[in-house]
Each structure stands twice: as structure tokens, then as C-alpha cells.
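The values are calculated or read from the model by the stated rules, or taken from the named source; none is laboratory data. None of these values were measured; they are calculated from a predicted model. Here Cβ is always computed from backbone atoms with ideal geometry, including for glycine, and neighbour counts include all displayed protein chains. Each accessible area value is taken on the protein alone, full model and side chains, heavy atoms only, with ligands, DNA and RNA left out. Shrake-Rupley method; radii C 1.70, N 1.55, O 1.52, S 1.80 Å.
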Amino acid sequence: GENVEQHPSTLSVQEGDSAVIKCTYSDSASNYFPWYKQELGKRPQLIIDIRSNVGEKKDQRIAVTLNKTAKHFSLHITETQPEDSAVYFCAASSYNQGGKLIFGQGTELSVKP
Amino acid sequence: EADIYQTPRYLVIGTGKKITLECSQTMGHDKMYWYQQDPGMELHLIHYSYGVNSTEKGDLSSESTVSRIRTEHFPLTLESARPSHTSQYLCASSDPGKGGTEAFFGQGTRLTVV
């Protein structure tokens, strides 16, 4: 089955700096890669996703890149703000496995004012 | 408003009791999931359903069981709760769509077994 590895487990940046979180996956048939943000005490919510036919996707300060050959994808947050502080999860899904979402271990991002 | 609902939000129960965690969604999604999450940590898939009468176990072994008799309802049952079952349980649902689509999560049930 799919295995998703996420790094780093914790990340601390100064407000205004950029943050990068990286994930690798094992199943070459995976074709959907979402990123979720979970604030303390709240449910995970989708912030951006990318499909395997696209190499990069941007949404304002957030971008995701995908390297299918290397089987890794990354989340980039620019101009970080204190409200970006949360736990971020990457995930991978394969049509061959019925679209089950398998999550990475999570990254706790702290943005210091 | 279309959403996914979990009850109860918090549950404290004694060892050996049978419990059922409820999950209902009004979004018409075929796929539903149960994840187990310890505070601030990884989301482990414990059960998955493609649709009515279709369930399978996830990657993390769990002593819980699930049923899917109706599209909108996906309850999780523990026959005999133990302290090791203490955790947060998150239910989610998504459209069938080829290759995966956004999963929407419920608020979660925080279970404590004493």
C-alpha cells in the first residue's frame, strides 16, 4: 500500500519568511496530492491540492510542486503570517487503491511575530 | 447546510464498555473514512468505505468495526473499550471521482477510556 513520509516534523520561521514542507510517496500510481491545515482543536481543512498531470499549482501565498519521477511533492508558503501557525498534513491517493487518502506524519509550523 | 457530523464530541467511558461513534454526512458522498489521531499527530486510516455495504480496514490495525447500511451514515463500534483506545477519531467523506478528491472532515470525537 501507499506510504507517505513528511518532513520536517516541526518548523519555526519568522513572520514574513517562507516555509517549505516536503513529502515523499511510495506508490507510483498515486495521482492526487492534497495538503491539509489543522488548527489547534479544529478539523483538518484542505488548503491546496495537485494532480499528477500538473507540476505546480499556486493560490496566493501558497504553492505546491510535484516531481513524479522522484515521487515527492512540496508545500511552499511565502510571506508567512502568525495565522499560518498550525499543523500541516500532506496526503496521497491512488485510483488503483480506490482513492484512499493516506496522510503524512504532519508538520507543526510556528510563525513568530 | 451540507456538512459531516460526528457525535458525541467528547466521551469518557469505563473499560469494557461497548461504544458507538456516530458519523453522518449530508453531502451525498459515496466514500467515507475513519481516521485515528493522537493530539497533533499523524492521521491513521483505520476504516474505509466505497459505498453502501462496502467496507475495508485501513493501514492501522484497529479493534473497532464499522458498518455502511446507508450512504449518509458510517458508525464505528468498539465492543469492549480499553485505555489503549483513548484517542481522537475523525470521520471524513469525499466524492467518488477518479483518482481522489477533497475529503471533508467532521469535528471529531475525543474518546477517553478510564
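Key figures
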{"read-out": "Strands (runs of 3 or more DSSP E) wholly inside the stretch B:39-90 that include at least 1 residues being free of Cβ contacts under 8 Å to residues at least 24 places away in the same chain and either under 12 Å from the mean Cα position of the chain (by Cα) or loosely packed, with under 13 Cβ neighbours inside 10 Å (or both)", "value": "B:43-51, B:54-57"}
{"read-out": "Residue in the stretch B:87-105 that is within 24 Å of A:Asn3 (Cα to Cα) and more than 14 Å from chain A (Cβ to nearest Cβ) present", "value": "yes"}
{"read-out": "Which listed residue, of A:Val20, A:Val111, A:Val4, A:Val87, is out of contact with any His (no Cβ under 6 Å at 6 or more places or on another chain), among the β-branched types (Val, Ile, Thr) and more than 12 Å from chain B (Cβ to nearest Cβ)", "value": "A:Val111"}
{"read-out": "Residue, nearest to B:Phe104 (Cα to Cα), within the stretch B:1-38, restricted to residues that are among the acidic types (Asp, Glu) and assigned to a loop (DSSP other than H, G, I, E, B)", "value": "B:Asp3"}
{"read-out": "Qualifying residue in the stretch A:42-63 (condition: outside any loop (DSSP other than H, G, I, E, B), away from chain B (no Cβ under 12 Å), closer than 25 Å to B:Gly108 by Cα and open to solvent by 20 Å² or more (accessible area, probe 1.4 Å))", "value": "no"}
{"read-out": "Filter result (more than 10 Å from chain B (Cβ to nearest Cβ) and buried (at least 17 other Cβ atoms within 10 Å of the Cβ)) within the stretch A:23-41", "value": "A:Cys23, A:Thr24, A:Tyr25, A:Asp27, A:Trp35, A:Lys37"}
{"read-out": "Yes/no for B:Met32 being within 20 Å of A:Pro34 (Cα to Cα), surrounded by fewer than 16 Cβ atoms within 10 Å (Cβ to Cβ) and of a type in the set (A, V, I, L, M)", "value": "no"}
